[in-house]
Amino acid sequence: MKGCNNESSSKPDRKTVERNRRIHMKSLCFKLASLVPPQHFKTTNSKGTMSQQNQLDTAASYIKKLRERIENLKERKEKAMKSQLGSSKSDIGYIDPEKTAMMGSRLPVIELRDSGSSIEVMLISGLNKNFMFYEVISVLEEEGAEVVSASFTTIGDKVFHSVHAQVKISRVGVDTSTVLQRLQDLM
């Protein structure tokens with residue numbers, strides 16, 4: 001009997017284990033709900049007054065919307081890459097030799113998209129084009145934009161650069177025509 005009492009005293013009882021599990025689940029639910037932006041919660045209730053089940057439902061709905069948005073963006077990227085390459089093939093990596101020859105004489109290609117508070121620069125160059133990528137970033141920063149992300153992809157003998165930037169001071173903005181001219185001067 002003494003051995004039995006020793007084992008039971010060192011082991012937490014079921015009520016304590018269950019209470020700890022509920023506390024842990026509650027904190028995890030709170031963390032999940034805190035990751036969902038406030039605008040995705042119904043306007044009649046704030047996060048604090050919603051039931052835990054409603055918070056979980058809202059988080060699940062938000063995750064589904066994010067997945068749909070990711071799929072939509074992937075499709076848009078694929079279409080954009082296909083149109084950039086002028087390819088009718090389903091494989092993004094395929095480059096039509098005739099289009100490549102025509103495009104080769106027009107490289108580099110600079111495209112600037114201004115969406116008010118952000119700017120996207122798409123730059124397509126050849127592998128042998130010698131320019132410094134940091135110079136592109138410097139031009140954006142000197143003109144009042146803050147680079148958020150920059151990436152590049154090599155497909156065939158083309159290098160696709162993508163730079164996303166945000167306007168530092170929204171009242172002032174960025175003169176995209178000046179940015180475009182300076183980038184063209186770099187090339």
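Values quoted throughout were computed directly from the atomic coordinates according to the rules given, and no laboratory measurement underlies them. All figures in this text were calculated on a predicted structure; none of them were measured in a lab. Note: ideal-geometry Cβ built from the backbone for every residue, glycine included; neighbour counts use all protein chains shown.
Taking label points 7 Å from Cα along the Cα-to-Cβ direction, THR178 and LEU35 give a separation of 4.2 nm. Length gained on full extension, PHE152 to LYS77, computed as 0.36 nm times the residue gap minus the Cα-Cα distance: 25.6 nm.
When peptides 34-40, 161-167, 62-68 are ranked by their average number of other Cβ atoms within 10 Å per residue, the highest-first order is 161-167, 62-68, 34-40.
Between GLN52 and MET122, the distance separating the two model label sites (each 7 Å from Cα on the Cα→Cβ line) works out to 4.8 nm. Treating r as the C-beta distance of GLN166 and LEU107 and R0 as 22 Å, the FRET efficiency rounds to 0.20.
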